[in-house]
Amino acid sequence: MSHIRGRLQKEATEAVVRYTSSLAFDKRLYKHDIQGSLAHARMLAKQNIITVAEADALAGGLSVVLDEIENGTFVFRPELEDIHMAIEARLFEIVGSVAGKLHTARSRNDQVALDMRLFTRDAIRQIQSGIRNLERALVGQAEEAATVMLPGYTHLQPAQPVLLAHHLLAYFEMLQRDYARFNDAYKRADVMPLGSGALAGASYDLDREFVARELGFASVTGNSLDAVSDRDFVIEYLACASVCAMHLSRLAEELVLWSSSEFGFVEMDDAYATPSSIMPQKKNPDVAELGRGKSGRILGHLMGVLVTMKGLPLSYNRDMQEDKEALFDAHDTLSASLDVFAGMVRTLKFNSRNMQRSLGRGYILATDVADYLVRKGASFRDAHGITGKLVGYAVEAGKTLDELTREEYRLFSTLFDSDVKTISSAASAASKKVPGGTAPGQVAIQLKKAREILADND
């Protein structure tokens, strides 16, 4: 549309058109752009800025454009630099010169700000649905593993016994915080910028609140400069996505470790693993590894948009076109990851025998031995020192704590009595009765709460 170049005497070169065009990726905003245009046209008619007949013509033309895009007959012309121009050009072909009235009291600056907010709101709700699906998979596995125990680790060293359900529900808690973060991000995306114009507002008698109601926004923006020139709601979405992806990566890392022959705690379903190209014995946890890798991609998009925005003066600058590919790719990546992780987790097969066997390694009951001495009257610091020496003795003797006799225990403290032999992994877990602990009763409370949360969203 050469008339858009206005005072410029030359057409952009082909290289410049290719360089500046965003149509290849922002065309996915077509629904949001048409949705915003329909609301804008209705408002213009309501305010007698255009006639009702003109608004109806625009609405009819936009409906045709929407149908063409969705049935694949719409022609995206490369010389039209963005989705806004592509839709407007086709609208001229359908309804004629009245199409030119749609842009009354509107700039592409506030138009794209609107489209991006509409997209971000939808993206947040889609991700939250994906989070819920993964949470259901985790809770389902936790319910199945109600009595299964395994070592809990710190520094990747066996630390204390925990219930497998407790371990899985730790990821439920992380995802719940992710869900809440996205709720907070939604509130700040849920503000309607149309009517801000290019940067200074509009000189027409607009009803911005009407447009906000039509589009389901909670409020309108309070400063036109800010409305067209910030993308903090995109950055906030990317920040939430990055934290969520980080949590998925941690889960993926544990599944990679647990599925190794050294651990043998879990087996991936064949649908979520791949064979080796040359080693027939291999079953590789590629899906988990890809999820771990893709988290870095999402984090990179967050850093990219932050760096893009950090040096921009008010108001709109073309640099901001770079927000779209980052947002779209981060959203697509996280959405796909949540979807595939839900299926992967739902089909995991845990090996409780190997988990039980691992409980006998690494002197995992040492803290319980120290707690035993405290209950007998020792200070914790003294008990810690005594138990450390006891473990050193057991290591030298090549024995587990279970294999030490009462007499060997008493070499280190006369507080040890025959009841020291009752210390076990099950007793250790059962003793952790504090709220949020790994005692079976507390884990049952956690599961009940998780089920209630999920039921509220069904």
Cβ under 13 Å from D115's Cβ, D115 left aside: what net charge do those residues give with Lys, Arg +1 and Asp, Glu -1? +3
Ignoring any ligand, DNA or RNA, what whole percent of the accessible area of region 309-351 comes from carbon and sulfur when the probe is 1.4 angstrom? 48 percent
Using a 1.4 angstrom probe and counting only protein chains, how large is the accessible area of S224 in Å², to 10? 30 Å²
How would the chain be classified by its alpha-carbon gyration tensor: rounded, prolate or oblate, with rounded meaning a/c under 1.5 and the a/b versus b/c comparison settling the rest? prolate
For region 181-260, what is the convex hull (Cα atoms) projected area averaged across all directions, in square nanometres? 6.6 nm²
Förster-model FRET efficiency, 35 Å R0, T51 and D226, C-beta, rounded to 0.05: 0.60
Which is farthest toward the positive dipole end of the chain among A227, S242, I83, measuring Cα position about the Cα centre, with Cβ charges +1 (Lys, Arg) and -1 (Asp, Glu)? S242
Trypsin sites (Lys or Arg not before Pro) within region 1-105: DSSP coil, no more than 14 neighbouring Cβ in 10 Å: R7, K10
Based on the Cβ-Cβ distance from E143 to A336, what FRET efficiency comes out when R0 is 30 Å, to the nearest 0.05? 0.70
Sketch the reach of a paramagnetic label on S219 as a point 7 Å from Cα along Cα-to-Cβ, and name the residues of region 170-185 whose backbone nitrogen lies under 18 Å away. 183-185
I want to make sure I understand the PRE zone here: with the label point 7 angstrom from the Cα of K389 toward its beta carbon, which residues in region 354-368 have backbone N atoms less than 18 Å away? 366-367
For region 104-249, place one equal point scatterer on every Cα, skip the solvent, and apply the Debye formula. What is log10 of I(q)/I(0) at q = 0.12 Å⁻¹? -0.62
Simple SL model, points at 7 angstrom along Cα→Cβ for H103 and T400; separation in nm is 7.7 nm
Dipole in debye (nearest 20) - region 327-438, about Cα centre, beta carbon charges: Lys, Arg +1; Asp, Glu -1: 320 debye
Restricting to bridges with both residues inside the chain, how much of the DSSP beta-bridge set is antiparallel, in percent to the nearest 5? 80 percent
For an R0 of 22 angstrom, estimate the FRET efficiency from the Cβ-Cβ distance between S424 and S352 and round to the nearest 0.05. 0.85
Long-range amide H contacts for V162: which residues qualify at under 5 Å (H placed 1.01 Å from N, peptide plane, sequence gap of 5 or more or a different chain)? L150, G152
Carbon plus sulfur, as percent of the 1.4 Å-probe accessible area of region 1-89, comes to 55 percent
How many angstrom separate the Cα center of region 398-458 from the Cα center of region 313-335? 49 Å
Determine the gain in length on full extension of the stretch S431-D269; use 0.36 nm per residue of separation and subtract their C-alpha separation, reporting nm with one decimal. 54.9 nm
Accessible area per residue, Å², the chain with all protein chains present, probe 1.4 Å: 48 Å²
Between region 169-199 and region 45-101, what's the alpha-carbon centroid distance in Å? 31 Å
Solvent exposure ordering (accessible area, 1.4 Å, most first) of K376, K389, K349: K389, K349, K376
Residues of region 334-376 with backbone N under 17 Å of the label point set 7 Å from the Cα of L156 along Cα→Cβ are 362
What net charge is computed for the residues neighbouring M43, neighbours being all others with C-beta under 15 Å from the C-beta of M43, Lys and Arg scored +1, Asp and Glu -1? -1
Shape verdict for region 348-445, please, from the Cα gyration tensor: rounded (a/c under 1.5), prolate (a/b greater than b/c) or oblate. oblate
So the carbon and sulfur contribution to the accessible area of region 131-250, 1.4 Å probe, in percent, is 50 percent
Count the net charge of all other residues whose Cβ sits under 14 Å from the Cβ of V95, scoring Lys and Arg as +1 and Asp and Glu as -1. -3
Using alpha carbon centers only, region 219-254 is separated from region 106-126 by a whole-angstrom value of 13 Å
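The values are calculated or read from the model by the stated rules, or taken from the named source; none is laboratory data. Just so it is clear, the model here is predicted, and its values are computed rather than measured. Reconstructed Cβ throughout: ideal geometry from the backbone, glycine too, with neighbour counts over all protein chains shown. When the accessible area is computed, the model is the full protein with side chains, heavy atoms only, and any ligands, DNA or RNA have been set aside. Shrake-Rupley method; radii C 1.70, N 1.55, O 1.52, S 1.80 Å.
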